[in-house]
Amino acid sequence: MSEIPVIRTAHLCKSLPVGGQMLEILRDITLDIWPQEMVAIIGPSGSGKSTLMGLMGGLDSATNGKIYLRGEDITLLGERALTRMRNQKIGFVFQYFNLVPTLNALENVMLPLQYAPNSPRRGHKKRAQELLEMLNLGERMNHNARQLSGGEQQRVAIARALANNPSILLCDEPTGNLDRASTALVTEALFQVRENTGTTVVVVTHNPTLAKRMDRIIELVDGQIVPSPATIAPH
Ligand SMILES: Nc1ncnc2c1ncn2[C@@H]1O[C@H](COP(=O)(O)OP(=O)(O)OP(=O)(O)O)[C@@H](O)[C@H]1O
Ligand SMILES: [Mg+2]
């Protein structure tokens, strides 16, 4: 196998002190996610899905084990290098869209570009327009965030997460707050993202329909991967 996984975790463990004891939240998580894969992470509430996603995106630090993003061991990075890595490589999408309500869709998508180094300002608007058009929001660019439906807001949030052209899009319950019709549109948006940008997409979800659309499902129970043929990478 010549390809390098976009995300590799090796014997990843996360424990936290709770009530004077160490609570094991993730235990021995070893997995590979491959370029342009779309992967669902499912499991009961409290099984560690968000914790795993936070570790993969460098938002949180591991207790034990390794996380490699395209071969680079991010568990060795200091805070500044980790922040730089996150800004350059990862896009995050959460259940609550967290758009700035007083800005329009275009301005929301342009926001992260202002913090990117060496990014000429005049390119920002064009980039944001292209992303919104890709997500079928060309007609909504000048609407204030609060004037958009939930599904539209989430697609703006996806566009915002893609602004800096990340190689990985991490989505934590992106449809958790949406009705069925909006869920379908957001799901299609994720496929458009992969097709147009080649981004690897990881989705934590409680929605079985969304999970089944992904290339592969990883199931967590009590902080561990449930072994199943579906968890073996197709490569
Ligand atoms: N900072 C923390 N301190 C103590 N316990 C924590 C902390 N963060 C998470 N936990 C615990 O770790 C476990 C896993 O949490 P996590 O948020 O990863 O679950 P989840 O699978 O995302 O659940 P949900 O589907 O409800 O979002 C839970 O039992 C939670 O209470
Ligand atoms: Mg969660």
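The values are calculated or read from the model by the stated rules, or taken from the named source; none is laboratory data. The structure presented is a predicted model; accordingly, all values stated were derived computationally and were not measured. Glycine gets a Cβ as well: all are built from the backbone with ideal geometry, and neighbour counts include every protein chain shown.
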Only listed residue being more than 16 Å from ligand 1 (Cβ to nearest atom), touching a strand residue (DSSP E or B) at 6+ places or on another chain (Cβ under 7 Å) and assigned to a loop (DSSP other than H, G, I, E, B), chosen from Q36, Q95: Q36
Could you grab me the full set of residues in region 163-202 that are over 30 Å from R121 (Cα atoms), in a loop (DSSP other than H, G, I, E, B), over 13 Å from the mean Cα position of the chain (by Cα) and not small (G, A, S)? N177, L178, D179
Filter region 34-49 down to residues that are within 13 Å of ligand 2 (Cβ to nearest atom) and surrounded by fewer than 19 Cβ atoms within 10 Å (Cβ to Cβ), then give me how many there are. 3
Given (1) near ligand 1 (Cβ under 9 Å from one of its atoms); (2) surrounded by fewer than 17 Cβ atoms within 10 Å (Cβ to Cβ), where does E72 come up short, assuming only one miss? (1)
S167 fails exactly one of the following numbered conditions: (1) of a type in the set (S, T, N, Q); (2) closer than 18 Å to T200 by Cβ; (3) surrounded by fewer than 18 Cβ atoms within 10 Å (Cβ to Cβ). What is the number of that condition? (3)
Residue that is farthest from the chain's Cα centre (by Cα), among those in region 14-27 that are more than 6 Å from ligand 1 (Cβ to nearest atom) and closer than 23 Å to A211 by Cα: R27
Of (1) over 22 Å from T175 (Cβ atoms); (2) of a type in the set (S, T, N, Q); (3) away from ligand 1 (no atom under 16 Å from the Cβ); (4) modelled with pLDDT of 95 or more, S119 satisfies all except one. Which? (4)
